[in-house]
1. So in the range 82-131, with the set limited to residues that are among the β-branched types (V, I, T) and part of a strand (DSSP E or B), which one is nearest to E32 (Cα to Cα)?
2. In the range 132-149, which residues are within 19 Å of R117 (Cα to Cα) and either within 12 Å of the chain's Cα centre (by Cα) or of a type in the set (D, E) (or both)?
3. Just to be sure I understand, how many residues within the range 217-247 are farther than 17 Å from G197 by Cβ and surrounded by 13 or more Cβ atoms within 10 Å (Cβ to Cβ)?
4. Only one of (1) closer than 14 Å to D216 by Cα; (2) at pLDDT 95 or above; (3) among the hydrophobic types (A, V, I, L, M, F, W, C) is not met by A113, so which one is it?
5. Mind checking which helices (runs of 4 or more DSSP H) fall wholly inside the range 132-230 and carry at least 3 residues that are modelled with pLDDT of 90 or more?
6. Tell me, yes or no, whether the range 13-31 has at least one residue that is modelled with pLDDT of 90 or more, surrounded by fewer than 11 Cβ atoms within 10 Å (Cβ to Cβ) and of a type in the set (D, E).
7. Can you pull out the residues in the range 104-132 that are under 24 Å from N147 (Cα atoms) and small (G, A, S)?
Amino acid sequence: MSLDKSESLENIAVLIDADNAQLSKLSLILGELSTYGRIVVRRAYGNWNSRALKNWEEQLKKLAIKPEQQFAYTTGKNATDISLAISAMDLLHTELYDAFALVSSDSDYTPLAIRLREAGVYVFGVGEEKTPASFRNACDNFILTQNLGDTEKPKAAVPAEEVKAAAKPAKAEAKADINAIHNLLKTANERYSDAEGWVNIASAGGYIKRVMPDFDSKTYGFSKLTDLIKAFPNQYETKNYPGKGTVTIFAYRCL
């Protein structure tokens, strides 16, 4: 199942692991998830007697998030993830929700994400860049909190000669990262293009998200995938054409 923001989900359940979530990003997380559909469940799990969570109360009240108390029964053990997983399965069995959002950077939620996907619901993961690949890839869509809120302006197109001339290790690493996206765009062009070689950006974006659930063009300095493609005129030819109604469709083909 590919998902475009224009395809609205009817009922989203958002489950937050307060021990492994960023308090400062809560409103931004809910705002981002709301662009995909209607959030009907908002729950945060944690031991609210813990001093580490003392600043959460105000935000939970403000954002209408229901706090779920989970005591730490044994020192050094975190019972929050078990409590959240049990709630997720209870909600799943009501068959009222078509999407779940697991807000945490903890890889312990990987089996839960896999189980929810197997049940046919759409699974969001929301976490920091440190989140292990296992949890990211178990989701349909993994949202990096670093890309929520203020972001850098899109980068201008960089000539191929300048990219090759970059000698610093950091630059080489960034180039390698974006090369993976170029390879996926090439594969999408090969698989989803029309008779003239053009591929709809929606088809390409959906394919990339299925292969790389944590993909976000902001990670590479671009506000949208279309901006990323336009920044490499030596690799892609682009065009816009009218769709249904007032919709304009962006398409590209590899050079």
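1. Taking the range 82-131 first, the residues among the β-branched types (V, I, T) are 82, 86, 94, 103, 110, 114, 121, 123, 126, 131.
Within this subset, residues satisfying the condition of being part of a strand (DSSP E or B) are 103, 123, 126.
On the way: V103: 12, V123: 14, V126: 10 Å.
Among those residues, the one meeting the criterion is V126.
2. F135, R136, N137, A138, C139, D140, N141, F142, I143
3. Step one: of the range 217-247, the residues farther than 17 Å from G197 by Cβ are 217-228, 230-231, 242-247.
Retained after the next criterion (residues that are surrounded by 13 or more Cβ atoms within 10 Å (Cβ to Cβ)): 217-228, 230-231.
Residues meeting the conditions: 14.
4. (1)
5. Values: elements: 133-138, 160-165, 169-192, 201-211, 225-230.
Hits in the range 132-230: 133-138, 169-192, 201-211, 225-230.
6. No; the residues of the range 13-31 include none that is modelled with pLDDT of 90 or more, surrounded by fewer than 11 Cβ atoms within 10 Å (Cβ to Cβ) and of a type in the set (D, E).
7. Selection gives S104, S105, S107, A113, G125, G127.
The values are calculated or read from the model by the stated rules, or taken from the named source; none is laboratory data. Keep in mind that what you see is a predicted model, and the values were worked out from it rather than measured. Methodologically, a virtual Cβ is constructed for each residue, glycine included, from the backbone with ideal geometry; neighbour enumeration extends over all protein chains shown.
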